[in-house]
Amino acid sequence: MTPPDSSKPPHALPPDHADCDVFVIGGGPGGSTAAMLLARQGRRVVMAEKAHHPRFHIGESLLPANVALFDKLGLREEVAKIGMPKWGIEFVSPDHEHRSFLEFADAWDKSMPYSWQVRRSDLDELMFRHAGACGAETIEGCRVREVSFDDEGAWVQTRLDDGSERRWRARYVIDATGRDALLAGLRRTKRKMPEHNSAALYGHFTGAERLPGKQEGNISIFWFQHGWFWFIPLADGTTSIGAVCWPHYLKSRDKPLKEFFADTIALCPQLQARLANATLVGDAVHATGNYSYTGTECCGDRFALVGDAFAFVDPVFSSGVYLAMNSAFAVTELVAATLDRPAEAAAARQRYTKLLLDGPRIFGWFIFRITNPTIRDLFMYPANPMRVKDAVLSLLAGDIFGRTPIWRSILAFKFIYYVSQLMHPLRSFSVWRRRRANIRDVGPTQGENVMEGTA
């Protein structure tokens, strides 16, 4: 949008504006975390959310590394009240008669043995309200239409649900819009990931058969011929079920989405058995396609992107909420350097860029190979030479930014993977050729809508 008339005095502001130190776009976990922390620093923070809480959002599984972040925010007890304890992961393969169970308590660092499954509408509202209690000005039903920058900050044009418009003058802008990726869209820096092209179908069920006892809240991963399913139990008795598959499979749909989802579940007999007495909630099935992307910039002189606003790969390891919150903690130092210590801003941007690139890169190596039979074998028969199992469990728990010395063991795991590939050259070549065909871009999928990230 156009800045104020240059004929006015240099710092005169138009009467139709309000000013703030930091304008946060998006009221999910990343935006709310940033708003809480910055408001606690005494900064004037405005957080705008386009919808009204509670609002539906997919991505219900949290990582053990999230727990320490909730501790720092003072929200651990509140999250525990709405969450289902998650102690580990179940893997179910069509090529193996047994099931594999991994527990986070067996990771390298024993201090993060569990996390939670949460209904995102509850978690997001909890965090949004807490940001308001910390001093941030929170506005719902407020859609950002345009953002323009100058040397001293940004102009943010918003429209409220009643059609009225409001303009903000901010010294700094944080984009926490998730898969909407507002600034990346406006600045044309969003790029598809051609090496990982996936689509998803998902819905919620009641009456699904869960694991017994302590394992009831564990996430289950079911592989099938077109990809994999998630099975996420929630505390209110419902279970989130989703199929992540190649886009060309979703493109082949020739019937209503609900029927197509049922047919897809039927391709995985182990999952179908667990849903034999289950009922789809509200007959609602959602679809999204071609959702993996990254950006060419995650911050600039007066802005930063957090979480999915910069990059999103795949929900298989439930990393979305953790990466969003972790980047929100990091962005507070970037804001402080920019606003309070300008000479340090360039170095702070370099550190922040490295952090945002590292998360998707570290998880991405595993995600790109999750449907490969070699990876499947390694997860179905977890062994611990050179502590590779401990290290992989730490990575799956989100323990990738601290000082836990897992990286030599992660390299050893990758070495084992590549050696296994070489030992089965025909299978490896067949898998490579099939994947190359499967990840081809088939254009928009039928019934597609936006999945704003998952964790």
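The values are calculated or read from the model by the stated rules, or taken from the named source; none is laboratory data. All of these numbers come straight from a predicted model, not from anything done at the bench. Using ideal geometry, Cβ is built from the backbone for each residue, glycine included, and neighbour counts are taken over all protein chains shown.
Numbers for the structure displayed
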quantity	calculated
Yes/no for GLY59 being of a type in the set (Gly, Ala, Ser), part of a loop (DSSP other than H, G, I, E, B) and buried (at least 17 other Cβ atoms within 10 Å of the Cβ)	yes
Residues of the range 119-143 satisfying the condition of being in contact with a helix residue (DSSP H, G or I) (Cβ under 6 Å, 6 or more places away or on another chain) and outside any helix (DSSP H, G or I)	CYS134, GLY135, ALA136, THR138
The one condition in (1) over 20 Å from VAL45 (Cα atoms); (2) among the β-branched types (Val, Ile, Thr); (3) touching a helix residue (DSSP H, G or I) at 6+ places or on another chain (Cβ under 7 Å) that VAL306 fails to fulfil	(1)
Residues being more than 21 Å from ARG44 (Cβ to Cβ) and either touching a Lys or Arg at 6+ places or on another chain (Cβ under 8 Å) or of a type in the set (D, E, K, R) (or both) - total across the range 105-140	14
Which listed residue, of ASP162, ASP124, is charged (D, E, K, R) and out of contact with any Pro (no Cβ under 8 Å at 6 or more places or on another chain)	ASP162
Any helices (runs of 4 or more DSSP H) falling wholly within the range 241-284 and containing at least 1 residues that are surrounded by 13 or more Cβ atoms within 10 Å (Cβ to Cβ) and of a type in the set (Val, Ile, Thr)	257-266
The range 330-373, subset modelled with pLDDT under 95 and of a type in the set (D, E, K, R), residue surrounded by the fewest Cβ atoms within 10 Å (Cβ to Cβ)	ARG361
Residue match in the range 43-59 (condition: out of contact with any strand residue (DSSP E or B) (no Cβ under 8 Å at 6 or more places or on another chain), modelled with pLDDT of 95 or more and not charged (D, E, K, R))	yes
Which listed residue is touching a helix residue (DSSP H, G or I) at 6+ places or on another chain (Cβ under 7 Å), surrounded by 23 or more Cβ atoms within 10 Å (Cβ to Cβ) and β-branched (Val, Ile, Thr), from VAL79, VAL92, VAL67, VAL22	VAL22
Residue match in the range 304-321 (condition: over 16 Å from the mean Cα position of the chain (by Cα) and of a type outside the set (S, T, N, Q))	yes
Checking HIS52 against (1) in contact (Cβ under 8 Å) with a residue 60 or more places away in the chain; (2) touching a helix residue (DSSP H, G or I) at 6+ places or on another chain (Cβ under 7 Å), the condition it does not meet	(2)
Unique match (being aromatic (Phe, Trp, Tyr), within 23 Å of the chain's Cα centre (by Cα) and on the phi < 0 side of the Ramachandran plot) among PHE149, PHE101, PHE205	PHE205
Where SER198 falls short, out of the listed (1) of a type in the set (S, T, N, Q); (2) at pLDDT below 95; (3) surrounded by fewer than 17 Cβ atoms within 10 Å (Cβ to Cβ)	(3)
Residue in the range 216-237 that is part of a helix (DSSP H, G or I) and surrounded by fewer than 22 Cβ atoms within 10 Å (Cβ to Cβ) present	yes
Matching entry among THR177, THR206 (being farther than 27 Å from LYS50 by Cα, polar (S, T, N, Q) and in contact with a strand residue (DSSP E or B) (Cβ under 8 Å, 6 or more places away or on another chain))	THR206
Test: VAL331 is outside any loop (DSSP other than H, G, I, E, B), under 21 Å from PRO113 (Cβ atoms), touching a residue at least 12 places away in the same chain (Cβ under 8 Å) and β-branched (Val, Ile, Thr)	no
